[in-house]
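For reference, the structure discussed in these notes is given below.
The values are calculated or read from the model by the stated rules, or taken from the named source; none is laboratory data. The structure displayed is predicted, hence computed values, not measured ones. Backbone-built Cβ (ideal geometry, glycine too); neighbour counts: all protein chains shown.
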Amino acid sequence: NALKIAVIAGDGIGKEVMPEGLRVLRAAAERFGLDITFDEFPFSSWDYYEQHGRMLPVDWKDQIGGHDAIYFGAVGWPEKIADHVSLWGSLLLFRREFDQYVNLRPVRLMPGVPSPLAGRKPGDIDFYVVRENTEGEYSSIGGRMFEGTEREVVVQETVMSRVGVDRILRFAFELARRTPKKHLTSATKSNGIAITMPYWDERVEAMAKHYPDVKWDKYHIDILTAHFVLNPQRFNVVVASNLFGDILSDLGPACTGTIGIAPSGNINPAGDFPSLFEPVHGSAPDIAGQGIANPVGQIWAGAMMLDHLGHAQAAAAIVRAIEEVLAQKPLRTRDLGGLADTETCGAAIADAVARS
Ligand code: NAI
Ligand code: MG
């Protein structure tokens, strides 16, 4: 079964780390006998905007909507174009139009990456954050009254639909079931947010009945953030609403060191539209053009993409290759105190995959 991947490198270091991501995916395809076609698209970048006056062509949905997945670099070139124009005109449209309702971020302490948490070593931190990506606290329902007067009032509603809550919980329980620890943590705040969060808890309890093999617990978001830092070994799969998940999915990777290695999946588990896999970092204008960006976030995102597409073995081989290479200082990039440039690091990971 041939796979068709839409490739969008975007701006800045997106254009430098993407070739390394593709190099490693090609090595994995060769090693594991996968038939993958990569179609590269120039849009969702400042270059495209400069030529066409917009971030995407009118028929972008037809161009990439039929692919099995989207492999994305980074978008944004603030010196030339405002971030709300570039991001809302591309990446955020993909997420919304393709109903990518899961944001999945692995949080894993890798060898060769100093953790900001004292005394932690690889193995101590290894979990997933599953964030609801379409509703919850980030609704546009609300308004402003008596603007500019003493009586000024603003209101913004949280929206939780049964379909919306259940589908993110189902994804998280399914993921937990596939992990060795079979454990799930739910982020809540039902002691303070007295309508939506008790509903969330209720749906977690109902969903858990379908997964008797998964052990689960819940924490209020305030103490949960403390445990991320103090007891990260407690976690396996952590599921959260849009706002809580936003916070946790930045805090988690921050506990494991550098932004240069963290990957992210924007997933539509139903598969009616493609999912999108990208590094967490942006286009890094401050280091773009120097060939020194860390390609690991892009490469790891490629592993997540293969895993999502049903090629778990190839995905695991890439993650092992990343670990093997990060353990060697000459092969690490400078943000990790190493000596390698982007290409040297990427080629070493591709080699390790080929030898696996
Ligand atoms: P950034 O993630 O691009 O950079 C933050 C800092 O981390 C910089 O000092 C950069 O040099 C460093 N860094 C990032 N990735 C690195 C890598 N792979 N290797 C080594 N160092 C790395 O965030 P920033 O500067 O806030 O945003 C720059 C542009 O990227 C903006 O236009 C922003 O909107 C956009 N952006 C796009 C994202 C996306 O496409 N998903 C995500 C975040 C930001
Ligand atoms: Mg965020």
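Sort out which residues of region 315-331 are touching a residue at least 60 places away in the same chain (Cβ under 8 Å) and surrounded by 24 or more Cβ atoms within 10 Å (Cβ to Cβ), and write them in order of number.
Selection gives Ile318, Ala321, Ile322, Leu326.
Among (1) modelled with pLDDT of 95 or more; (2) touching a helix residue (DSSP H, G or I) at 6+ places or on another chain (Cβ under 8 Å); (3) over 23 Å from Asp35 (Cβ atoms); (4) not hydrophobic (A, V, I, L, M, F, W, C), there is one condition Gly252 misses while meeting the rest; what is its number?
(1)
Conditions tested, residue by residue: (1) closer than 19 Å to Pro253 by Cα; (2) away from ligand 2 (no atom under 16 Å from the Cβ); (3) assigned by TED's automatic domain parsing to the domain that holds Phe171; (4) over 21 Å from the mean Cα position of the chain (by Cα).
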| position | (1), (2), (3), (4) |
| --- | --- |
| Gly291 | no, yes, no, yes |
| Asp307 | no, yes, no, no |
| Ala315 | no, yes, no, no |
| Arg320 | yes, yes, no, no |
| Glu323 | yes, yes, no, no |
| Leu331 | no, yes, no, yes |
| Asp335 | yes, yes, no, no |
| Gly338 | no, yes, no, yes |
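Out of region 72-93, which residues are at pLDDT 95 or above and within 15 Å of the chain's Cα centre (by Cα)?
Passing the criteria: Phe72, Gly73, Ala74, Val75.
Please specify each residue of region 255-281 satisfying the condition of being away from ligand 2 (no atom under 11 Å from the Cβ) and part of a loop (DSSP other than H, G, I, E, B). Talk me through it step by step, then tell me what you get.
Pass one, region 255-281, residues away from ligand 2 (no atom under 11 Å from the Cβ): 255-263, 265-279, 281.
Thr256, Gly257, Thr258, Ala262, Asn268, Pro269, Ala270, Gly271, Asp272, Phe273, Pro274, His281 - these are the residues of region 255-281 that are away from ligand 2 (no atom under 11 Å from the Cβ) and part of a loop (DSSP other than H, G, I, E, B).
Restricting region 59-95 to residues that are touching a Ser or Thr at 6+ places or on another chain (Cβ under 6 Å) and near ligand 1 (Cβ under 9 Å from one of its atoms), which is nearest to Leu306 (Cα to Cα)?
First, pick out the residues of region 59-95 that are touching a Ser or Thr at 6+ places or on another chain (Cβ under 6 Å): 69, 74-76, 90.
After this cut, where a residue has to be near ligand 1 (Cβ under 9 Å from one of its atoms) as well, the list is 74-76, 90.
Numbers: Ala74: 19, Val75: 22, Gly76: 26, Ser90: 23 Å.
Per the criteria, the residue is Ala74.
Out of (1) touching a residue at least 40 places away in the same chain (Cβ under 8 Å); (2) within 16 Å of Gly89 (Cα to Cα), the odd one out for Met55 is which?
(1)
If I ask for residues that are buried (at least 17 other Cβ atoms within 10 Å of the Cβ) and either closer than 29 Å to Leu92 by Cβ or of a type in the set (Phe, Trp, Tyr) (or both), which ones from region 126-145 would you list?
Restricting attention to region 126-145, the residues satisfying the condition of being buried (at least 17 other Cβ atoms within 10 Å of the Cβ) are 126-137.
Selection gives Phe127, Tyr128, Val129, Val130, Arg131, Glu132, Asn133, Thr134, Glu135, Gly136, Glu137.
Just to confirm my filter: which strands (runs of 3 or more DSSP E) fall fully inside region 1-94 and include at least 1 residues that are in contact with an Asp or Glu (Cβ under 6 Å, 6 or more places away or on another chain) and surrounded by 19 or more Cβ atoms within 10 Å (Cβ to Cβ)?
Numbers: elements: 3-10, 36-41, 69-74.
Correct list: 3-10, 69-74.
Out of Ile195, Ile247, Ile267, report the one residue that is within 16 Å of ligand 1 (Cβ to nearest atom), of a type in the set (A, V, I, L, M, F, W, C) and not assigned by TED's automatic domain parsing to the domain that holds Asp307.
Numbers: Ile195 fails: within 16 Å of ligand 1 (Cβ to nearest atom); Ile267 fails: not assigned by TED's automatic domain parsing to the domain that holds Asp307.
Of Ile195, Ile247, Ile267, the one residue that is within 16 Å of ligand 1 (Cβ to nearest atom), of a type in the set (A, V, I, L, M, F, W, C) and not assigned by TED's automatic domain parsing to the domain that holds Asp307 is Ile247.
Considering only region 129-158, state which residues are among the small types (Gly, Ala, Ser) and in a loop (DSSP other than H, G, I, E, B). Show your work before the answer.
Just the residues of region 129-158 that are among the small types (Gly, Ala, Ser), to begin with: 136, 139-140, 142-143, 148.
Selection gives Ser139, Ser140, Gly148.
Please give the strands (runs of 3 or more DSSP E) falling wholly within region 159-254 in which 3 or more residues are within 16 Å of ligand 2 (Cβ to nearest atom). Steps first, please.
On the way: elements: 183-188, 215-220, 237-240.
Filter on region 159-254 gives an empty set.
Taking Glu147, is it out of contact with any Gly (no Cβ under 7 Å at 6 or more places or on another chain), acidic (Asp, Glu) and assigned by TED's automatic domain parsing to the domain that holds Gly65?
no
Would you check if there is a residue in region 307-318 being at pLDDT 95 or above, within 12 Å of ligand 1 (Cβ to nearest atom) and either small (Gly, Ala, Ser) or touching a helix residue (DSSP H, G or I) at 6+ places or on another chain (Cβ under 8 Å) (or both)?
no
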